[in-house]
Ligand SMILES: *Cc1c(COP(=O)(O)O)cnc(C)c1O
């Protein structure tokens, strides 16, 4: 059986966990948390990083930080994970869903301005498959209308955006804040885990307080205040040192992990190109302004029916493939709250997108086999 995902261990995970345990500092914000946060700050020049227990949590922190009030509106793609929306719904916000682009599942920046009202507070671009959204356009709209931008960079570790100024910027460094995930299905993992990146300095101090249950505990441990107490709202957003120790072992191999995934991704492209030319499916498109971090390899089928046949055919040949999001605007929870606009491309990705096995230990021969199995598929053409 070729699995869809298999978590990859780099080798030092147990050693670092043992070190964290034997140091008797296993709650959060210890040595490994700091090592991870510094790693990201140094490597990507993120202004400030805080590890969280998930990307979901990081998004919830961001929603608290921008002081959302009930009735405020937040614009995001419909084709995304529930956490992108839930974090803001929890603060009473109304979600205004944008459609995807025709050539890639990211939100279509051209459609955003028409969705902005006096109540709009933020735009949440999701870098689907680690491929950048059109950030110049989104940042220009945010500046013009005085909105916050929170990047859902859950899938976007080590991926870049090149702006019109020719500067290549890491995803997660562009918006006021960004949220990353280290869930075991992502490129760099810690089981469950995430990180909030705070690029906008005005959120720095308060972010640390919200992270530490609404107390100024972090400032106290740095000796900046002589006692600590309850100073704001907050929750328990920080992961234990055991999680951070695991994550640090992964970070030491980030380049090796990325290089291998990119090789596998490129092999998929080469092997599947002839089949795409025969019209069976469409290959993923990476815009010129985006780099590819090989988080995901997906194909687009014309219809739900064709995709279902493909999934069944692969399954019969012991290959696991999986579809992805169901448009949030038509979800049981949100369809009555949605304003009724048709989001055609979002629905096309809901019906037609198929993700193929993609993980560090996937063998080049597995990809060969997947391509061969595809070449024996019989999808009835209407
Ligand atoms: C994985 C993912 C999340 C949630 O990440 P967790 O760490 O599991 O909370 C949020 N948004 C997107 C786009 C994701 O892919």
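The values are calculated or read from the model by the stated rules, or taken from the named source; none is laboratory data. Quick caveat: nothing in here was measured; it's all calculated off a predicted structure. Neighbour counts run over all protein chains shown; Cβ positions are idealised from the backbone, glycine included.
Count of region 36-58 residues, restricted to those that are farther than 19 Å from residue 212 by Cβ and more than 18 Å from the chain's Cα centre (by Cα), is 4. Taken over region 348-370, residues that are more than 12 Å from residue 296 (Cβ to Cβ) and not in a loop (DSSP other than H, G, I, E, B) amount to 12.
Would you list the strands (runs of 3 or more DSSP E) that sit entirely within region 124-210 and hold 3 or more residues that are within 12 Å of the ligand (Cβ to nearest atom)?
The qualifying strands (runs of 3 or more DSSP E) are 148-152, 177-181, 194-198.
Filtering region 311-323 to residues that are in contact (Cβ under 8 Å) with a residue 40 or more places away in the chain and within 26 Å of the chain's Cα centre (by Cα) leaves 311, 319, 320, 321, 322.
The number of residues in region 211-246 that are away from the ligand (no atom under 16 Å from the Cβ), closer than 25 Å to residue 151 by Cβ and part of a helix (DSSP H, G or I) comes to 1. Within region 95-111, the residues that satisfy the criterion of being crowded, with 20+ Cβ neighbours inside 10 Å and not in a loop (DSSP other than H, G, I, E, B) are 95, 96, 97, 98, 100, 107, 109. A residue that is away from the ligand (no atom under 12 Å from the Cβ), more than 16 Å from the chain's Cα centre (by Cα), over 17 Å from residue 237 (Cβ atoms) and in a helix (DSSP H, G or I) can be found somewhere in region 78-92. A single entry from 85, 154 fulfils the requirement of being more than 21 Å from residue 293 (Cα to Cα), assigned by TED's automatic domain parsing to the domain that holds residue 42 and crowded, with 22+ Cβ neighbours inside 10 Å: 85. Within region 13-34, the residues that satisfy the criterion of being surrounded by 17 or more Cβ atoms within 10 Å (Cβ to Cβ) and either under 25 Å from the mean Cα position of the chain (by Cα) or at positive phi (or both) are 13, 28, 29, 32, 33.
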